[in-house]
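Chemist: Quick one: the structure is below, questions incoming.
What follows is calculated from the coordinates using simple rules that are stated; it is not laboratory data. No experiment lies behind these values; they were computed from the predicted model shown. Here the Cβ positions follow ideal geometry from the backbone for every residue, glycine too, while neighbour counts run over all protein chains shown.
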Amino acid sequence: MTMLVNKKLLIYGKTLQNRVVFQPMEGCDGELNGAVSDLTYRRYMRFAESGAGLIWFEAVAVSGECRANPRQLFLNDNTKESFKKLLDDMRKKSIEMYGFAPIIVMQMTNSGRWSKPNGTPEPIIAYHNKHWEIGKENLPYTIATDEYCEGIVEKYRKKTLLAKEVGFDGIDVKCCHGYLFDEFLSAFDRKGKYGGSLENRTRLFFDCIDAVKSNLSEDMFVTTRLNACDNFPYPYGFGVDKNNNIDLSETNWIIKKLKGKGIELINITLGNPYLIPHINRPCMNAPEKGEEGLARIYKVTKELQKANPDISLIASGLSYPAENCMEYAEKILEDNVAKLVGFGRMTLAYPQFYQDYLKNGKLEKNKCCIKCSKCTELMRNGTVAGCVIRDSEKYMPYYRKYVLKKED
């Protein structure tokens, strides 16, 4: 049986050993100063044992005020050694087991309106959005001024030096899921140089990409996890028309600009999971069937890949088919929907799924993600995130305490 997921791929002069991507899944389990904790270390070493060709490291805050939670990872002079040890050990483990080291990308982020550096909302926003702020009108919003945005660019430039020092292969300038750069994409009515025209709405994003590029070493690369569309009614959404139909014309414009900046790899996602949880992770108890959400991701990604054949796109949402997810991944590659296949929740539930597929041609159903969203419930309730069902010994105590509010 030919396994397309096992084919190599050349990007940025580097050889990916297979098409499997472990998506950035935030564990909210760093130390309070942003360092890698024992729980963070355990999670990523499990990923290193997976044999995946590309491990997309979770969101790492670019500065303290924009951390999404008090335990979000934060690379700085005081925490860099913990990152370096983790990356070194991940590569060593993978080489021992499989003879190669995975490519490891760091997702650099400003959490914007979802900032909670001290555990309570301290939103930094591009503009007031009445749709997003329903029931949250009284939060202490801070508009990101043009001067603040200019300062962000320098933070990205400096943080790149640290990422280079600790050994990341690439840096993702994150632009998705309603975080600051993604929010600017829909800043149609904002005044000044960061709002209004598409050129202005993408200015901060592109300036930060350029800043990162200026400090990369020759063997590093820059990439992005990009929101293809918001699926919100105009003018509150990017990538949709006035009738709320998906319109990828601006998305394609962005991708072509990214290609002009030397970007060869883009991780495609959809929507804002804070507001529409099922938009990029089809799940149970959603207002639509999971198959509808999966089909939407498939269609959008395929349209973008067809329009941009020279870019390697990563498809998202692949955990939903559970024990059939690898067959679905093969279909994604066979149908030229994308050139790589990304798995999120499955990596928390069943990090060895890819190896089981290679050895047995199938996955074990009783190890797969069941789409219960308990990992997200943990995160939304202010604690660490992991698989409550398949990694219950480690994470069920957190679920009982922080979600069920039960003390053992």
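Chemist: If each DSSP helix of 4+ residues adds -39,500 (n - 2.57) and the sum is divided by the residues in the chain, what number results at 222 nm, nearest 500 deg cm²/dmol? Please report the intermediate quantities before stating the final value.
Modeler: On the way: 13 runs with 143 residues, N = 408.
Here the helix-only value at 222 nm equals -10500 deg cm²/dmol.
Chemist: I've got another one for you. How charged is the neighbourhood of Ala144? Take every other residue with its Cβ under 12 Å from the Cβ of Ala144, and add Lys/Arg as +1 and Asp/Glu as -1. Display every interim value, and only then the final one.
Modeler: Numbers: positive: Arg113, Arg190; negative: Glu65, Asp146, Glu147, Glu150, Glu183.
Taking every Cβ under 12 Å from that of Ala144, the sum is -3.
Chemist: Between Glu150 and Glu81, what's the calculated FRET efficiency when r is the beta-carbon distance and R0 is 22 Å? Round to 0.05.
Modeler: On the way: r = 31 Å, r/R0 = 1.40.
About 0.10, to the nearest 0.05.
Chemist: Give the peptides 396-407, 308-319, 380-391 in descending order of average Cβ contacts within 10 Å, highest first.
Modeler: On the way: 396-407: 13.8, 308-319: 21.7, 380-391: 19.7.
Ranking, from highest mean packing down: 308-319, 380-391, 396-407.
Chemist: Just for the chain, what percent of DSSP beta bridges are antiparallel, to the closest 5?
Modeler: Details: 4 of 35 bridges.
Given both bridge residues lie in the chain, the antiparallel proportion sits at roughly 10 percent.
Chemist: Under the rule of at least 5 residues apart or a separate chain, name every residue whose amide H is placed under 5 Å from the amide H of Asn215.
Modeler: Long-range HN contacts for Asn215: none found.
Chemist: Using unit Cβ charges (K, R positive; D, E negative) and no other charged atoms, how large, in debye to the nearest 20, is the dipole of the chain about its Cα centre?
Modeler: Once rounded to the nearest 20, the dipole reads 460 debye.
Chemist: Additional query: Please list 3J(HN,Hα) in residue order for the range 106-116, calculated via the Karplus relation 6.51 cos²θ - 1.76 cosθ + 1.60 where θ = phi - 60°; whole Hz, with x for glycine and proline.
Modeler: Per-residue couplings from phi come out as 9, 8, 9, 9, 10, 6, x, 5, 9, 6, 9 Hz.
Chemist: Say the dipole of the range 351-408 comes from +1 at the beta carbon of Lys and Arg and -1 at that of Asp and Glu; which of Leu363, Tyr398, Thr383 then lies farthest toward its positive end?
Modeler: Leu363
Chemist: Could you work out the relative contact order of the range 4-363? I mean the mean sequence separation of Cα pairs under 8 Å and 6+ apart, divided by the number of residues, in percent. List each step's numbers first, then the result.
Modeler: Working: 745 pairs, mean separation 54.6, N = 360.
With pairs under 8 Å counted, the relative contact order is 15 percent.
Chemist: What's the magnitude of the charge dipole for the range 323-408 around its Cα centre, counting Lys and Arg as +1 and Asp and Glu as -1 at the beta-carbon? Answer in Debye, nearest 20. Provide the component values of the computation, followed by the final result.
Modeler: On the way: 16 positive and 12 negative charges, 76 e Å.
With Lys and Arg at +1 and Asp and Glu at -1, about 360 debye.
Chemist: Net charge near Pro70, counting Lys/Arg +1 and Asp/Glu -1 over other residues with Cβ under 14 Å of its Cβ? Spell out each step's value before the answer.
Modeler: On the way: positive: Arg67, Arg71, Lys116; negative: Glu26, Asp29, Glu31, Glu65, Glu122.
That works out to -2.
Chemist: Residue-wise, which Karplus ³J(HN,Hα) couplings in Hz belong to the range 317-327, taking 6.51 cos²θ - 1.76 cosθ + 1.60, θ = phi - 60°, and x for glycine or proline?
Modeler: Each residue's phi maps through the Karplus curve to give x, 7, 6, 4, x, 6, 5, 9, 5, 6, 5 Hz.
Chemist: Using the 10 angstrom Cβ neighbour count as an exposure proxy, how do Met379, Met346, Met284 rank, fewest first?
Modeler: Working: Met379 20, Met346 27, Met284 11.
Ascending Cβ contact count within 10 Å gives the list Met284, Met379, Met346.
Chemist: Here's another thing I want to ask about it. Quick one: which of 135-146, 35-46 comes out on top by average Cβ neighbours within 10 Å, and what's the full order, highest first? Please list the in-between numbers first.
Modeler: Values: 135-146: 12.5, 35-46: 18.2.
Ranked by mean Cβ neighbours within 10 Å, highest first: 35-46, 135-146.
Chemist: Now, a different point. For a quick check: with amide H placed at 1.01 Å from N, whose amide H comes under 5 Å from Gly53's, ignoring anything fewer than 5 positions away on the same chain?
Modeler: Asn18, Val20
Chemist: What residues have an amide H closer than 5 Å to that of Ile11, excluding those fewer than 5 places away on the same chain, when H is modeled at 1.01 Å from N in the peptide plane?
Modeler: The answer is Leu16.
Chemist: Among Phe57, Gly290, Thr142, flag the residue with its Cα farthest along the positive direction of the charge dipole of the range 4-363, charges on Cβ as +1 for Lys/Arg and -1 for Asp/Glu.
Modeler: Value: Phe57.
Chemist: I need the phi-derived Karplus couplings for the range 41-55: 6.51 cos²θ - 1.76 cosθ + 1.60, θ = phi - 60°, integer Hz, Gly and Pro marked x.
Modeler: 4, 4, 4, 6, 5, 5, 5, 4, 7, 7, x, 5, x, 9, 10
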